[in-house]
Amino acid sequence: MCMKTLNIQNIIVPIDFSKMSVQAIQIAKQLGATVIGTVSTEAKAKLAKEMGADHLILYTQSDFLAEVKKLTDGRGVNVVYDSVGQTTFDKSLDCLRPRGYLVLFGQSSGPVPPFDPGKLAAKGSLFLTRPSLPHYTLERSELLQRANDVFNWTATGKLKVRIDKTFPLAEVAEAHRQLEGRKTTGKVILLP
């Protein structure tokens, strides 16, 4: 949603195999970005590579800030898409090059505590945004354009939808346990 409005050359996507991370990798690649993914396991690294990530950092084994700086020759990245929030916020800011964007689109570790906006200037005139779909589809024409992009990319194979598991509707509780326990690596489908 906010990728098309940014001039991105390289980005970081924390890859938790949510609907957003898998799509973010593919959309960023279509827009010509180099994608650095952060993952927790080797299995997720393999899947992220299949989705198109150029570089992968196992954040459980190494410091993702140091690795990002190494991969970018110390410059940092243009954009960080962060769905984690509280625990990654400071390092995400530190991964950015001057005038970089931190796109905070989730808070799985909790909300980011209040902070001094002067910190953004001190770290290189950084930008912070917390996008929400309704603000990117204010006009019907915007909604149709964005929906058409997604459906066209899917129909032509440019955007792959990864279905990991299916459950009968009667097993909805198990589907939720799988999602909450981070045991999925794609879409979970409930069947009637």
Filtered residue count, segment 162-192, keeping only those that are free of Cβ contacts under 8 Å to residues at least 40 places away in the same chain and in contact with a Lys or Arg (Cβ under 7 Å, 6 or more places away or on another chain): 3
Test for Pro114: is it farther than 18 Å from Gln26 by Cα, surrounded by fewer than 13 Cβ atoms within 10 Å (Cβ to Cβ) and either of a type in the set (Val, Ile, Thr) or in the same structural domain as Val35 (by TED's automatic domain parsing) (or both): yes
Members of segment 48-96 found to be over 22 Å from Ala122 (Cβ atoms), part of a loop (DSSP other than H, G, I, E, B) and within 18 Å of the chain's Cα centre (by Cα), listed by number: Gly52, Ala53, Asp54, Tyr59, Thr60, Ser83, Val84
Some residue of segment 117-126 being within 22 Å of the chain's Cα centre (by Cα), surrounded by 10 or more Cβ atoms within 10 Å (Cβ to Cβ) and not in a loop (DSSP other than H, G, I, E, B): yes
Residue match in segment 61-69 (condition: touching a residue at least 40 places away in the same chain (Cβ under 8 Å), out of contact with any helix residue (DSSP H, G or I) (no Cβ under 7 Å at 6 or more places or on another chain) and surrounded by fewer than 21 Cβ atoms within 10 Å (Cβ to Cβ)): no
Tally, over segment 135-160, of residues that are hydrophobic (A, V, I, L, M, F, W, C), without any contact (Cβ under 8 Å) to a residue 60 or more places away in the chain and not in a helix (DSSP H, G or I): 1
Which numbered condition Tyr101 misses (of (1) among the hydroxyl-bearing types (Ser, Thr, Tyr); (2) farther than 24 Å from Pro134 by Cβ; (3) in contact with a Phe, Trp or Tyr (Cβ under 7 Å, 6 or more places away or on another chain)): (2)
Val79, sole failed condition from (1) touching a Ser or Thr at 6+ places or on another chain (Cβ under 9 Å); (2) assigned by TED's automatic domain parsing to the domain that holds Leu31: (1)
Among residues of segment 12-46, those that are surrounded by 23 or more Cβ atoms within 10 Å (Cβ to Cβ), modelled with pLDDT under 85 and over 9 Å from the mean Cα position of the chain (by Cα), counted: 1
Selected residue (only one of Asp94, Asp73 is in contact (Cβ under 8 Å) with a residue 12 or more places away in the chain and acidic (Asp, Glu)): Asp94
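The values are calculated or read from the model by the stated rules, or taken from the named source; none is laboratory data. These numbers were taken from a predicted model, which means no experiment stands behind them. We place every Cβ from the backbone using ideal geometry, glycine too, and count neighbours over all the protein chains shown.
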